[in-house]
Amino acid sequence: MSGITFSYKIDGGDFVNAGKASSEIKRTLKQLNVAQKTIKRVVVSLYEAEVNIVAHAHRGEINVLINAEEISITLKDEGPGIESVEQAMEVGYSTASPSVVSMGFGAGMGLPNMKKNSDYLNVESKVGVGTTVTIKVALVG
Amino acid sequence: MTAEKLIDLISGNLLNVANTNTQILASVVASDLMSDVLTLENEPDILVTGLANTQCIRTAEMADIPFVIIAKGKKVSQQIIDLAHEGDIYLISTHLSIFKCCGLLYTHGIKDTF
């Protein structure tokens, strides 16, 4: 399906630049006159996922596709992976390091919040290899 | 409450001038946990935090919060100031504690967001 695509490389541990991709997508959606509430759902989900890569993985890539119907985001990282995706989806479950907590994250709220703010969320993970997160938010209706 | 009144009330320093329109400030969230701020259904006008890093600005940007107050006299780096400017966020520092800052806002009619 045709649309606009964006791609970003993310470095694990780079908290200075964490959120840059989310910020750029927010600017683009504003320019496209997407409704404010929809923009917020997209960028909150994306930012949570972007922070997860910075907090947990070695590196990652974000690919965003925007078309008339939806925004579809894939975040693929190389990292430790998630042992139990089911457990990671529970509010309060976290494996974040103290340095991540000192940045204001790591309370086990990211994945549940991404689920709340998206219309589709899929998390696939292989321990020792990495994690792929897919987020979709409808732009219509 | 106007931005000028807010700054005066908390003996704050405005660290940048954002590109947003002057607005009346009516609601606040106070947190050092950015994950909590990101779960808010509504958009408060002000975030009060003791967290002086770039992620408090990013969080305000994503959560549509136009004013950030960094309390407790925490040192605010130029990087944080620049990021706030880019994101059209008013950045204010104050030497007051979070408790005192929120107490003053509360007694002047600013509402909680939760």
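Here, each number is a calculation from the coordinates, and none is a lab measurement. This one's a predicted model, so the numbers in the text were calculated from it and none came from an experiment. Here Cβ is always computed from backbone atoms with ideal geometry, including for glycine, and neighbour counts include all displayed protein chains.
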Taking only the alpha carbons of the protein assembly as shown, what extent do you get along each of the three principal axes, in Å, biggest first? 52, 39, 30
Would you mind checking segment B:71-114 for residues with the amide N under 18 Å from a putative spin-label position 7 Å along Cα→C-beta of residue B:11? B:71-76, B:92-108
Hey, can you list the DSSP H helices of chain A whose Cα span along the axis is 24 Å or longer and whose average Kyte-Doolittle score is at least -1.0? A:36-56
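Net charge near residue B:25: determine it from the other residues with C-beta under 11 Å of the C-beta of residue B:25, scoring Lys and Arg +1 and Asp and Glu -1. Don't jump to the answer; show the numbers that get you there.
Numbers: positive: B:5, B:111; negative: B:4, B:45.
Once positives and negatives cancel, what remains is 0.
Computed FRET efficiency, Cβ-Cβ of residue A:35 and residue A:63, R0 22 Å: what is it to the nearest 0.05? Mind showing how you got there, number by number?
Working: r = 23 Å, r/R0 = 1.05.
Rounded to the nearest 0.05, the efficiency is 0.40.
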Sort A:105-118, B:100-113 for me by packing, meaning the mean count of neighbouring Cβ atoms within 10 Å per residue, highest on top. A:105-118, B:100-113
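What is the local net charge at residue B:61, summed over the other residues whose Cβ is closer than 12 Å to its Cβ (Lys, Arg +1; Asp, Glu -1)?
Values: positive: A:20, A:26, A:27, A:30, A:40, B:58; negative: A:24, B:43, B:64, B:86, B:88.
In short, +1.
Among B:83-93, A:44-54, B:53-63, how do they line up from the highest to the lowest mean number of other beta-carbon atoms within 10 Å? Walk me through the intermediate numbers first.
Details: B:83-93: 21.5, A:44-54: 27.7, B:53-63: 24.9.
Going by the mean number of other Cβ atoms within 10 Å, highest first, we get A:44-54, B:53-63, B:83-93.
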Whole-Å distance, taken between Cα centres, linking segment A:46-74 and segment B:1-58: 26
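Subtract the Cα-Cα distance of residue B:2 and residue B:43 from 0.36 nm times their separation in residues, and report this length gain in nm to one decimal. Don't jump to the answer; show the numbers that get you there.
Details: separation 41, 0.36 × 41 = 14.76 nm, distance 1.72 nm.
Gain on extension, residue B:2 to residue B:43, equals 13.0 nm.
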Counting partner chain Cβ atoms within 10 Å of every residue's Cβ in B:32-45, what's the average? 5
Kirkwood-based Rg to Rh ratio, chain A, C-alpha trace: 0.95
Footprinting proxy, A:16, A:64: sorted fewest to most Cβ within 10 Å, the residues are A:16, A:64
Over all alpha-carbon pairs in segment B:3-112, figure out the percentage whose distance exceeds 21 Å. 24
Two pseudo-spin positions, 7 Å from Cα along C-beta at residue A:120 and at residue A:84, lie apart in nanometres by 2.8
Mind scanning A:9/A:40; A:9/A:116; A:37/A:76; A:26/A:136; A:20/B:111; A:37/A:136 and naming the pairs with a C-alpha gap bigger than 19 Å? A:9/A:40; A:9/A:116; A:37/A:76; A:20/B:111
antiparallel share of DSSP beta bridges within the protein assembly as shown, to nearest 5, in %, is 70
